[in-house]
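The values are calculated or read from the model by the stated rules, or taken from the named source; none is laboratory data. Here the structure is a predicted model, which is why all the values come from computation and not from measurement. Using ideal geometry, Cβ is built from the backbone for each residue, glycine included, and neighbour counts are taken over all protein chains shown. The area values use the complete protein model at the heavy-atom level, side chains included, leaving out ligands, DNA and RNA. Shrake-Rupley method; radii C 1.70, N 1.55, O 1.52, S 1.80 Å.
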Amino acid sequence: MSAPTSTITAVTPEGPEVAAAPAKRRRLRFIANPKAATGLVVLAFFCLIAIIGPWVAPYDPSARSSDLIQPPSGKHWFGTTHLGQDIFSQVLVGTRGVMFVGLLAGLVATALSILIGVSAGFLGGAADDGLSALSNVFLVIPALPLIIIVASTIPSAGDLMVALVIGFTSWAWGARVLRAQTLSLRRRDYVEAARATGESTWRLITFEIMPNLTAIIASGFVGTVIFAVMSEITLAFIGISTISEWNWGTILFWAQSQQALAQGAWWWFVPAGLAIAVLGTALSLINFGIDEFVSPRLRSSGHTKVKTKDGHSVRMRVGFTPVLSSSREPVTPVVQRRAEEEVA
């Protein structure tokens, strides 16, 4: 049963009564996304601090002074520790270690996932079986316990060793995702057309397959960076990695060991905690922006408009079919249900 067309008019993309607004092509659509733009700006800020932090720090982060456990002031912006060390300088200098481990581990894991995942999905056969078995082995290796063992066994293990261990143990999941996506792409018409023209295997992978995997690769890289940053901070916080090199986890380690919370020295752990939260939020926003850039449903949600014959505009949204009444007012599901009951 349906309501009379004179009472309710369905808005569809077809028919003479509806004119779809022309879509405007926007350049740099990913950067135009507010979430991605915000995340990239914050990430760029932390990268800048990682580069210039040790140069612009007002004090030596390990230097002691007579200002013991002082709250934030004009002299010490983030306060001081129990030894009179400047916390603001520690946060600035510690940014470099966190960003170095996160970005290097992300690059290593991403490179391995591309090499193994795309090769397994495109080549198939025995190569696929062997590389898939290798991925399954690394998929069940617990990364954090292995990092703890390596860091505790090698006393001189620094940020480079931690980043490499994280990178070499975090590529398996990304490789599985890339393999599955490559399997669905390798038999597409444009790939078969390029193969028929005599293109070599590496050109097919590089110019036909890889451009369609860019968003998935970027998302995997961001996820690995988040995991690497949290692993580095966790190792420093529990005292596994060396405490002679400053990072945000080292600041939290000393604050916890000296009972900063019990002493009311909130400035000792809040700045480092906020820095971790802001960096994690920035990386998550970039990941959300990538998801919206890849998915047409998320990208077009709330941005597509249709125009009826009488000039009334309706904004299309995911999961809803806009319906207009003769009085130009949108008909809600309750009103539509009542109209159908009246007709019945």
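Per-residue surface analysis assigns Phe45 an accessible area of about 120 Å², computed on protein heavy atoms at 1.4 Å probe radius. Sequentially through the stretch 82-95, phi angles give Karplus couplings (6.51, -1.76, 1.60; θ = phi - 60°) of 5, 9, x, 7, 7, 6, 4, 5, 5, 5, 5, 5, x, 5 Hz, Gly and Pro residues having no value and appearing as x.
Of the peptides 139-152, 96-109, the order by per-residue mean of other Cβ atoms within 10 Å, starting with the highest, comes out as 96-109, 139-152. Sorting Ile251, Ile217, Ile238 on solvent-accessible area from highest to lowest, probe radius 1.4 Å, gives Ile238, Ile217, Ile251. Rounded to whole numbers, the Karplus 3J(HN,Hα) couplings from phi for the stretch 271-278 are x, 5, x, 5, 4, 5, 5, 5 Hz, using 6.51 cos²θ - 1.76 cosθ + 1.60 with θ = phi - 60°, and x at Gly and Pro. Taking amide H as placed 1.01 Å from N in the peptide plane, Gln85 has its amide H under 5 Å from the amide H of Ser65, each at least 5 places away in sequence or on another chain. Projecting the Cα atoms of Ile31, Gln85, Gly74 onto the charge dipole of the stretch 19-142 (Cβ charges, centred on the Cα centre) puts Ile31 farthest toward the positive pole.
Per-residue packing, averaged as other Cβ atoms within 10 Å, sorts the ranges 31-40, 283-292 into the order 283-292, 31-40, beginning with the highest. Label zone of Ser73 (point 7 Å out along Cα→Cβ, amide N under 14 Å): in the stretch 52-66 this covers 65-66. Taking all protein chains into account, the per residue accessible area for the stretch 68-208 stands at 47 Å² (1.4 Å probe).
Only the Cβ atoms of Lys and Arg (+1) and of Asp and Glu (-1) were treated as charged; on that basis the dipole of the stretch 57-130 about its Cα centre amounts to roughly 300 debye.
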